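Below is one structure, written out as C-alpha cells, with a few remarks after it.
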Amino acid sequence: MNAHLQPTGSAYFIAKETEAAESHTLSVLVANEPGVLARVIGLFSGRGYNIESLTVSETEHEAHLSRITIVTRGTPHVLEQIKAQLERIVPVHRVVDLSVRARELGHDRPIERELALIKVSGQGEDRLEALRLADAFHAKVIDATTEHFIFELTGKVSKIDQFIAIMKPLGLIEICRTGVAAMNRGPKGM
C-alpha cells in the first residue's frame with residue numbers, strides 16, 4: 001500500500017491531492033419538482049464542496065425541466081466525483097461539465113454571463129465620475145435620485161468585479177448579483 005494512502009480509521013482512505021484545483025461550470029438538467037434543488041445543494045454541503053455561483057430556472061415548461069448552473073472549484077478527481085454523485089440523484093436527467101466541453105470544442109471557457117444591480121451614492125464630482133464610468137462599462141441607470149443611482153450591468157464575472165471595484169471609492173452602497181448563466185458555443189445543446 002502506498003504511504004500516502006494509509007488507513008485513517010474511517011471507511012475511506014485520504015489521498016493527498018497532487019493536482020491543482022480549478023474552477024468549472026456545471027450544467028445540471030433536472031426535473032422541475034419540489035426538493036430537487038435542496039437535494040443537489042445538499043450533495044455539495046454534505047461533502048464539503050463549495051459553490052461559487054448558482055443559478056436555477058425552468059427551461060422547458062412542457063417537459064417540466066429546470067437547468068441548474070453551478071460554478072465550483074476542485075481538482076479533476078473531485079470534479080469527477082461531483083459529477084458522478086449528481087448523476088445518481090433520481091430527478092437529475094443530465095450533468096454536463098461546460099468547462100470540459102468548451103475545451104473539447106477548442107475554447108478556453110463556455111460563454112458565461114452574470115447580471116448585477118449596483119447601488120452607488122453620489123454627489124458632485126463623484127456623481128459625474130460614476131455616470132462616466134457606468135457609460136464606459138455599458139451599465140444602464142435603472143433608478144436615480146439626487147442621492148444615488150442603481151446601475152444594471154450584464155457581462156463576464158471579471159467585468160462586474162472590475163466595475164464594483166471602481167465604484168467602491170465613489171460611494172458603493174449595495175450589490176445584488178444573479179450568479180453565472182453559461183452555455184457552450186456551437187450548434188448542439190447540452
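Summary table below
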item: The lone exception for Glu129 - which of (1) surrounded by 13 or more Cβ atoms within 10 Å (Cβ to Cβ); (2) within 30 Å of Leu37 (Cα to Cα); (3) not small (Gly, Ala, Ser) it fails; result: (2)
item: The stretch 59-75, subset modelled with pLDDT under 95 and within 18 Å of the chain's Cα centre (by Cα), residue farthest from Ala116 (Cα to Cα); result: Thr75
item: Lone qualifier among Leu86, Leu54, Leu79 - being more than 21 Å from Glu112 (Cα to Cα) and either touching a strand residue (DSSP E or B) at 6+ places or on another chain (Cβ under 9 Å) or not in a strand (DSSP E or B) (or both); result: Leu86
item: Test: Gly124 is on the phi > 0 side of the Ramachandran plot and either surrounded by fewer than 16 Cβ atoms within 10 Å (Cβ to Cβ) or outside the structural domain of Ile41 (by TED's automatic domain parsing) (or both); result: yes
item: The stretch 52-92, residues that are under 16 Å from Met183 (Cα atoms) and of a type in the set (Val, Ile, Thr); result: Thr55, Val56, Thr59, Ile68, Thr69, Ile70, Val71, Thr72
item: Selected residue (only one of Leu98, Leu115 is in the same structural domain as Ala63 (by TED's automatic domain parsing) and either within 25 Å of Val28 (Cα to Cα) or aliphatic (A, V, I, L, M) (or both)); result: Leu98
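The values are calculated or read from the model by the stated rules, or taken from the named source; none is laboratory data. These numbers come from a predicted model, not from an experiment. A quick note on method: Cβ atoms are made from the backbone with ideal geometry, for glycine too, and the neighbour counts reach across all protein chains shown.
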